[in-house]
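The values are calculated or read from the model by the stated rules, or taken from the named source; none is laboratory data. What you are looking at is a predicted structure, and each value in this text was computed from that prediction instead of being measured. Cβ placement follows ideal geometry from the backbone for every residue including glycine, while neighbour counts extend to all protein chains displayed. What goes into the accessible areas is simple: the full protein's heavy atoms, side chains included, and nothing from ligands, DNA or RNA. Shrake-Rupley method; radii C 1.70, N 1.55, O 1.52, S 1.80 Å.
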Amino acid sequence: MTTEPATDVGSGSSVERALATALTPRRERTRERLLDAAFTVFAHHGIHGASIEAVCEAAGFTRGAFYSNFSSKEELFLALAERAMRRQLASLESISEELEPDFVQDGAVDYEAIRTVLSVVITDPGDARQWALMRAELELLAMRDPAVGLPFLAQEETLRAELGAAIRRILVSCGLQFAVDERTAVDLLLSVYESSARAAVVARPTPEDGDASPDTAVLSRLIKLLMIPVD
């Protein structure tokens, strides 16, 4: 195992401390390995069923390495959500830079192309089951623990605002617009996807049961309602 010295991560909220701390390349690698391990351990056992020791063992580090990066399992949980959000937004921004403005041809909208673009907002489809379980764990924890709930709500507000702006830029470049206000559109898109993700896990609760990726048929129909050509 690798041992890292414990350090003070500063004042403020747990998420603020984590984001404000200047990470050396070595510490960044340690942090990422802990996050990767926690993603799997939490999805399998839940936040209350998983111990810090189990996360450290899965990552190949000691408790000292854990506490040099996170003050608690709850802080680690929020960091996982923050990382997923940033990856989603970065993926959407990346694909938007490569788009050809051909979603509207002869007045007809290619809704399937739009759905394909928006699919990058979904965390790695190969981990769809694990992420759906993680998301459910995080929401339950946020509802039960105000210390987690408030940072979680702040993350959600940031995600939805930035996601709405990113989708709007794509639509504008392709001659499209939301049929309703931006925030309502984003809330509906995310709600439909998350509901489909939960249903997929319930229907296929283990890897042996088959693919637990969400059914995007409802999402495709919703896109047709929410996105229209610019008048």
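Cβ-Cβ distance of Leu225 and Arg144, R₀ of 41 Å, FRET efficiency by 1/(1 + (r/R0)^6): the value works out to about 0.75. Shape of segment 135-223 from its Cα gyration tensor (a ≥ b ≥ c, root eigenvalues): rounded if a/c is under 1.5, otherwise prolate when a/b > b/c, or oblate? Oblate.
Of the GluC sites (Glu not before Pro) found in segment 128-194, no site is in coil according to DSSP while having at most 10 other Cβ atoms within 10 Å of its Cβ. Phi angles of segment 49-62 translate, via the Karplus equation with coefficients 6.51, -1.76, 1.60 and θ = phi - 60°, into HN-Hα couplings of x, 9, 9, 4, 4, 5, 5, 4, 5, 5, 8, x, 10, 9 Hz per residue; Gly and Pro are given as x.
Could you provide, to the nearest whole Å², the per residue accessible area of segment 121-231 with probe 1.4 Å? Numbers along the way, then the final one.
Details: 5660 Å² over 111 residues.
Using a 1.4 Å probe on heavy atoms only, each residue of segment 121-231 averages 51 Å².
For segment 111-231, the relative contact order works out to 34 percent when only alpha carbon pairs closer than 8 Å and six or more residues apart are counted.
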